[in-house]
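Visitor: Structure incoming, see below.
The values are calculated or read from the model by the stated rules, or taken from the named source; none is laboratory data. Treat the numbers as computed from the prediction; the structure is a model and nothing was measured. Cβ placement follows ideal geometry from the backbone for every residue including glycine, while neighbour counts extend to all protein chains displayed.
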Amino acid sequence: MKKLLFILGISLAIYACSNSSDDEIKPVNGNAEYEAAETYFNNTLKPIVDAKCVSCHTGYHSKSNSSNYGTLSNAINRASGMYNQVNAGNMPKGGDKLPQEDIDKFKAFLDLVNKIP
C-alpha cells in the first residue's frame, strides 16, 4: 500500500510539473477580463510592441526575462510602466514619440489589465 501511495504521489508531482508553465499567466476558469486583455494584446498592441519596443531589447527575448514586453505575461505585469513610458515620450528610446493613436492603445491595454481580478 505504501509503494502504491508513493508511486501515485510521484506520478502526480511529475504530472503537475510537466503541465505547469512560467511562460504565460494562465486565466482561471475562462476569466473574461484576462481573455479580453489577451485578445487586445495579441491583435492590437503586440504589433506595435514588436515594431517599436522589442527590437531594442537585444538579449532580452527569452520568455522568462521580464524586459521582453512581446510576451503577454510581462506586458500584463508591466502595463502601467509601458503606458507611462510611451505617454511621456521616453520610449521608444532614442526615437520619435509614438503617435497618439498608438499611445491610446497602450492606455486601452492598461485599462483592460486593471480589470483583471
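Visitor: Six or more apart or on different chains, Cβ atoms under 9 Å: show the pairs whose first residue is in segment 100-117 and closer than 15 Å to P47 by Cβ and at pLDDT 95 or above and whose second is part of a helix (DSSP H, G or I) and among the charged types (D, E, K, R).
Guide: D102/K52
Visitor: What about I10, is it touching an Asp or Glu at 6+ places or on another chain (Cβ under 6 Å) and either modelled with pLDDT under 90 or surrounded by 10 or more Cβ atoms within 10 Å (Cβ to Cβ) (or both)?
Guide: no
Visitor: Of the numbered conditions (1) surrounded by fewer than 17 Cβ atoms within 10 Å (Cβ to Cβ); (2) modelled with pLDDT of 85 or more; (3) in contact with a helix residue (DSSP H, G or I) (Cβ under 7 Å, 6 or more places away or on another chain), P27 satisfies every one except a single condition; which is it?
Guide: So the condition that P27 fails would be (2).
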